[in-house]
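Novice: Have a look at the structure that comes next, please.
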Amino acid sequence: MDAAAAYAHCEHITRTQAGNFYWGIRLLPGPKRRALCAVYALAREIDDIGDGDLPTETKAKALGEARERLADIGPDADQPVLAALGHASRQLPIPLRAFSELIDGVEMDVRGTEYETFDDLVVYCRRVAGTIGRLSLGVFGANNMERATPLADALGVALQLTNILRDVREDFHNGRTYLPQEDLRRFDCTLDPDAPRSPNFGEMIRFQTTRATQWFDEGLRLRPMLDPRSSACAGAMAGIYRRLLRRIDRDPAAVLQRRVSLPAWEKALVAAQSLAGG
């Protein structure tokens, strides 16, 4: 498959479906932007299997087939996403094995896994989002990859913890609970939007936002190890999610009412500040 056409396919997916991420991705120079779009496009395909309406058995089979297709990644693949990734991975040290770990994480979603402790939740977050951090680092490059890798992983965990808080209402209606059971018991809370709200609910959510902030603080130590455009990309992604986190912290009850989001102008402002070195 023509590499330009394969990359264009991935960029279209990312531009139309990546939401918050594309504000950062667009700050990269062409080759890295195209490569990260290819990473996102395959990650999106995998995530969509877990998020769809298919029966559990069908999802599990589809994830198994997706795992087998990882072996087909290469510039001569007949699927544009696999072809684009194959081309990109010949130019950049993208750790393609991380996609298998991502599938492991999505399988946890398909099984309806709940998390008793925060450590249990971190296992899931590393699989579904730490992997994306490490894949992105393969595109960015760093002046010390050994030190940078755990920081990229931590930044992915921070983003996922924010996603979990943002999507509390939607996830509950889809039969998923990600927040640790020990925390819900400790604060005597339920995530049911239609149930009487515990007086401790705001305190419980702020406990979660504080913990996510600590993961951001760790993960953002990555930025000085990156070239300026890659640092701007990572900073824009993290900046948008940190603003979401602060918005949730100011109004914890909002997560039971709607999906908390930022307007486009605010995302653009964060991206511009990141490009300027903020």
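Novice: List every residue whose amide H lies under 5 Å from the amide H of THR190, counting only residues 5 or more places away in sequence or on a different chain, with H placed 1.01 Å from N in the peptide plane.
Specialist: Those qualifying (amide H under 5 Å, at least 5 residues apart or on another chain) are SER198.
Novice: What lysines could a cross-link reach from LYS32, if we take a straight Cα to Cα line under 28 Å and drop same-chain neighbours fewer than 8 places away?
Specialist: LYS267
Novice: List the aspartates and glutamates whose Cα sits under 16 Å from the Cα of LYS61, skipping any in the same chain fewer than 8 residues away.
Specialist: Cross-link targets: GLU45, ASP47, ASP48, ASP51, ASP53, ASP104, GLU107, ASP109.
Novice: With no other cysteine's Cβ closer than 4.7 Å, which Cys residues of the chain count as lacking a disulfide-compatible partner?
Specialist: Cysteines of the chain left without a disulfide-compatible partner: CYS125, CYS189, CYS233.
Novice: Then there's this: Counting other Cβ atoms within 10 Å of each Cβ, which trypsin sites (Lys or Arg not before Pro) in region 194-226 have at most 10 and sit in a DSSP loop? If you can, show how the numbers build up before the last one.
Specialist: On the way: sites: ARG197, ARG206, ARG211, ARG221; in loops: ARG197.
Taking region 194-226 and a limit of 10 other Cβ atoms within 10 Å, no loop trypsin sites (Lys or Arg not before Pro) are found.
Novice: Mind running the shape call on region 40-84? Use the C-alpha gyration tensor, a ≥ b ≥ c as the square roots of the eigenvalues: rounded below 1.5 for a/c, prolate if a/b tops b/c, oblate otherwise.
Specialist: Since a/c reaches 1.5 and a/b is larger than b/c, the shape of region 40-84 is classed as prolate.
Novice: Under the rule a/c < 1.5 gives rounded, and otherwise a/b versus b/c splits prolate from oblate, where does region 9-59 land using the Cα gyration tensor? Before the final figure, lay out the partial values.
Specialist: Details: a/c = 3.62, a/b = 2.59, b/c = 1.40.
Prolate shape, in that a/c is at least 1.5 and a/b is the bigger ratio.
Novice: Hey, another quick one. Per-residue ellipticity at 222 nm for the chain, helices alone: DSSP H runs ≥ 4 residues times -39500 (n - 2.57), over residue total, nearest 500 deg cm²/dmol? Spell out each step's value before the answer.
Specialist: Working: 14 runs with 189 residues, N = 278.
It lands at -21500 deg cm²/dmol.
Novice: Continuing with the same structure: Among CYS37, CYS125, which comes first, second and so on when ranked by fewest other beta-carbon atoms within 10 Å? Show your work: numbers first, answer last.
Specialist: Details: CYS37 29, CYS125 25.
Going from sparsest to densest Cβ surroundings: CYS125, CYS37.
Novice: A further question follows. Decide, for region 130-278, between rounded, prolate and oblate: order the square roots of the alpha carbon gyration tensor eigenvalues as a ≥ b ≥ c, take rounded if a/c falls under 1.5, and otherwise choose prolate if a/b is larger than b/c, else oblate. All intermediate terms of the calculation are to be shown ahead of the outcome.
Specialist: Values: a/c = 2.57, a/b = 1.84, b/c = 1.39.
Here region 130-278 falls in the prolate category.
Novice: At what distance in angstrom do the alpha carbon centres of region 136-215 and region 229-278 lie from each other?
Specialist: 15 Å
Novice: Could you work out how far helix 56-69 tilts from the main Cα principal axis of the chain, as a 0 to 90 degree angle to the nearest 10?
Specialist: 30 degrees
Novice: Report, to the nearest 10°, how far helix 131-140 tilts away from the longest principal axis of the Cα atoms in the chain, using its own Cα long axis and a range of 0 to 90°.
Specialist: Here the helix axis deviates by roughly 40 degrees.
Novice: Shifting gears a bit: Order of LEU151, LEU85, LEU92 from fewest to most other C-beta atoms within 10 Å? Spell out each step's value before the answer.
Specialist: Details: LEU151 21, LEU85 30, LEU92 16.
So the ranking, lowest neighbour count to highest, is LEU92, LEU151, LEU85.
Novice: Mind sorting TRP265, TRP215, TRP23 by how few other Cβ atoms lie within 10 Å of their own Cβ, fewest first?
Specialist: Numbers: TRP265 7, TRP215 21, TRP23 24.
Listed from fewest to most nearby Cβ atoms, that is TRP265, TRP215, TRP23.
Novice: Moving on to the next point. Would you mind checking the tilt of helix 80-91 against the longest principal axis of the Cα atoms of the chain, expressed as 0 to 90 degrees and rounded to 10?
Specialist: Relative to the chain, helix 80-91 is tipped by roughly 70 degrees.
Read-outs throughout are calculated quantities, based only on the coordinates presented, and are distinct from any laboratory measurement. Please read all numbers here as calculations on a predicted model, not as lab measurements. All Cβ positions, even for glycine, are placed from backbone atoms using ideal geometry, and neighbour counts span all protein chains on display.
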